[in-house]
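What follows is a short report on a single structure.
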Amino acid sequence: MTDRSSLQPVVTNQSLVLFSSEEGTDAITYSNTVNTPVVGPVLSLLKEADRKSASLGETLVYTIAIRNSGNIPALVTIVDVLPPGVSFIANSVLRDGVPLAGVTPSSGIPAGLLHPQSAVRIAFQVIVVSLPPSLMLENSATGTYSFETAEGRKISGEVRSNPVSVSLLSYQLSTLLSASTSTTFIGDAVSYTLQLRNEGALPLTGKIAVIPLPEGAVFIPGSVVAGGVYLPEADPASGISLGSLSAGSATEVSFRIRVSSLPPESILQAQAQVSYDTNGSRSTTVTNTVTINVIQPGLAASLKVDLYSAAPGDNLRYEITVRNQGNLAVNAVLAEVIPQGTLFIWDSIRIDGVPQRGVRPAEGIPLGTLRAGVAIVVDYLVSIPGATDIRQTPAIQNRGMVQYTFTLPDGRSVRQVARPNPVTSLLLSPIISIQMEGAPPVVEPGGTAAFRIQVTNSGNYPAEVSVIRVVPQGTVIEPDIVTISAVTVPGTPFSGTVALGTLQAGQTVTLRYQVRINTGYMGKDLQGFSAALYLFTIDGRRYSGEARSNSYRLLIEEISE
């Protein structure tokens, strides 16, 4: 048995005749039956919209399903004249999911050859661009078709779809959030602007805009401006009250943020939420998302010194490595590289081992352009003056800085500073002082004089100390009564030099001794000075110095005969 849907439709026709005989009898006679097959397509159009209501600026998707339930294929074209208030979105026509570039509904969408018992689906998009007075979008589609009969006749026709209605909201708030730049950097100030327009037919009241700040940004207080009026107490993250907005009017609100740190993925993303009242109900609109790229040049500097313990008179060699770890080229200059309390050694600067003659560090050391991934090494010498008082300058600290300039993709030039790690060189040195006294003030030949020498180390480092020139000319030391800090060292021969041993920092040693004036001494006085010789070692480096005492004078009394 054959499915009835596959049977060819037939129009059956038969005639009949009513007559009366002479005998007065009525009768009916029938003609033969004539069967005429029905040949042709049977088309139906079903149009739908993806939503029942829409607002200004929203997108609608219309779909039209075309079916041929006839018995002959037909070539079909769909024409859809759009209602006022919408605009066709170019290149949005799909036929069974396949794009039809350049096709528009008003000029006709080719559905192709539709075979019997088959269907095709047409879809396209429109956007609501205005509100018609009726606040309704109403229209239907028309399908024009043509086919050819078995006898070769060409027949055309037209079929309409069901009407589709979409209601439009009488209120519509359009929003646009924008930023003053698409690229920024840490420390930059960025302005955000939220534009609002009431494109509906009713006023909007109670507007509140909430703009959460992106991670890595802080709000600049007092920067909110709404409708040209400053709102010093307003905070976008807490909500900015904007009052009412009449139909057809527009306003804007702006504020500023500062980029405080590098956000995740180096991107600042912001989006605003605007809530408002209309027709007794509360609505909320979410704006577009604004994305700002945070540029991080990535310039890094490291500093080291050859001596972390030094003494006055030493030279220090500093080495600074500057590396561009970012993805932007920068122009760099080294500055503040000569630490306080030191002197630059002329023409000692080298960049990657190449001497830089005539460069003055006080004016900066130019490094030129550092491309991404490039590193350079700068080294130079400074000297610590020998007269440096370690009590006033206990250490030499150097930090320096690298000033660099780069250009953002938006054309702005930015100058920033990179500081290397600080390095410190401790100043170590003994400070030796010596005082000498003699008594009595008047002596005679053959008599004795007592001397007292006091040696003090007021520095911060120990030293081996010896005292010289302790015996005046024309005298002989009494060896058995020599004492060093109250310790007698009898029988020790002294040839004018007395070793005091190691003087620790802050230690004082006193040398006491007596001398006998030669009986034949013809001088009028004993006078002179002594000196302290000292030695010390820092990290294997040997240093020496000499400290001179005050002068003394003892008068020689003449012996009368």
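Here are the numbers:
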| quantity | calculated |
| --- | --- |
| Label point 7 Å beyond Cα of I208 along Cβ direction - residues of segment 222-253 with amide nitrogen under 19 Å | 224-227, 231-245, 253 |
| Under the Karplus curve 6.51 cos²θ - 1.76 cosθ + 1.60, θ = phi - 60°, whole-Hz ³J(HN,Hα) for segment 435-445, x wherever Gly or Pro sits | 10, 10, 9, x, 8, x, x, 10, 10, 10, x |
| Rel. contact order, % - alpha carbon contacts under 8 angstrom, at least six apart, the chain | 8 |
| Inter-centroid distance (Cα atoms) of segment 108-158 relative to segment 326-361, Å | 79 |
| Additional length obtainable on full extension of the chain from E215 to E546, 0.36 nm per residue less Cα span | 112.7 nm |
| Separation of the T424 and L46 label points, Cα + 7 Å toward Cβ, nm | 8.5 |
| Most positive-pole-ward Cα, T456, S309, P133, against dipole of the chain from beta carbon charges | T456 |
| Qualifying trypsin sites (Lys or Arg not before Pro) for segment 70-167 [loop in DSSP, other Cβ within 10 Å: at most 15] | R153 |
| Residues in segment 90-105 reached by a label modelled at V79 [backbone nitrogen below 17 Å; 7 Å Cα→Cβ] | 103-105 |
| Cβ charges +1 (Lys, Arg) and -1 (Asp, Glu), total dipole of the chain, debye | 660 |
| Stretch gain in nm, segment Q117-L100, where the contour uses 0.36 nm per residue and the Cα spacing is subtracted | 3.7 nm |
| Förster-model FRET efficiency, 45 Å R0, V129 and Q416, C-beta, rounded to 0.05 | 0.45 |
| Placed amide H near L554: partners under 5 Å, 5+ positions off or other chain | L526, Q527 |
| Residue-count net charge about V417 - beta-carbon cut-off 14 Å; Lys, Arg +1, Asp, Glu -1 | +2 |
| Cα-projected label distance for D306 with S249, points at 7 Å along beta-carbon direction, nm | 7.7 |
| Sites R282 and T321, calculated FRET efficiency, Cβ-Cβ separation with R0 60 Å, nearest 0.05 | 0.50 |
| Approximate spin-label separation T483-L555, in nm, with each point projected 7 Å along Cα-to-Cβ | 2.9 |
| Paramagnetic reach from R469 (point 7 Å along Cα→Cβ, amide N under 20 Å) across segment 513-532 | 513-516, 523-532 |
| Positive-pole candidate from S261, T497, A532, dipole of the chain, charges at beta carbon | T497 |
| Full-stretch length increase - S140, Q514 - with 0.36 nm per residue and alpha-carbon distance subtracted | 121.3 nm |
| Nearest-0.05 FRET efficiency for I376 and T497, computed from C-beta distance (R0 45 Å) | 0.25 |
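Bear in mind that the values in this text are calculations on the coordinates, not laboratory data. Treat the numbers as computed from the prediction; the structure is a model and nothing was measured. Quick reminder, even Gly has a Cβ in these numbers, built from the backbone with ideal geometry, and neighbours come from all protein chains shown.
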